[in-house]
Amino acid sequence: MPEKSTPLSSLQAGQTARIDNLHFNAEFTARLRALGVDTGKTVRVLRQAPLGGPLHLGLGMTELMLRHNDARSIMVTPLQA
């Protein structure tokens, strides 16, 4: 049975997922893609700040911080360890 997509913001630190969709305007989507955030890529949540703070993400050799609100608009499929 296929895994169900979930918002990136719902993952915990240490979890890895495949990016399924980016639900942003064209300009912000282009900025994220320039940083390596794109459909089909694998993303790992390195840290998550408390109280809805930003997520520290790893994509290959790139690390970035993303606001929790923005992470809700990225749909992912969690991967098994």
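The values are calculated or read from the model by the stated rules, or taken from the named source; none is laboratory data. Here the structure is a predicted model, which is why all the values come from computation and not from measurement. Keep in mind that these areas ignore ligands, DNA and RNA; they rest on the heavy atoms of the full protein, side chains included. Shrake-Rupley method; radii C 1.70, N 1.55, O 1.52, S 1.80 Å.
Quick check: anything in segment 25-38 assigned to a strand (DSSP E or B) and either within 22 Å of residue 61 (Cα to Cα) or over 10 Å from the mean Cα position of the chain (by Cα) (or both)? No, the conditions are met nowhere in segment 25-38.
The residue that is modelled with the lowest pLDDT, counting only those in segment 24-73 that are open to solvent by 60 Å² or more (accessible area, probe 1.4 Å) and on the phi > 0 side of the Ramachandran plot, is 51.
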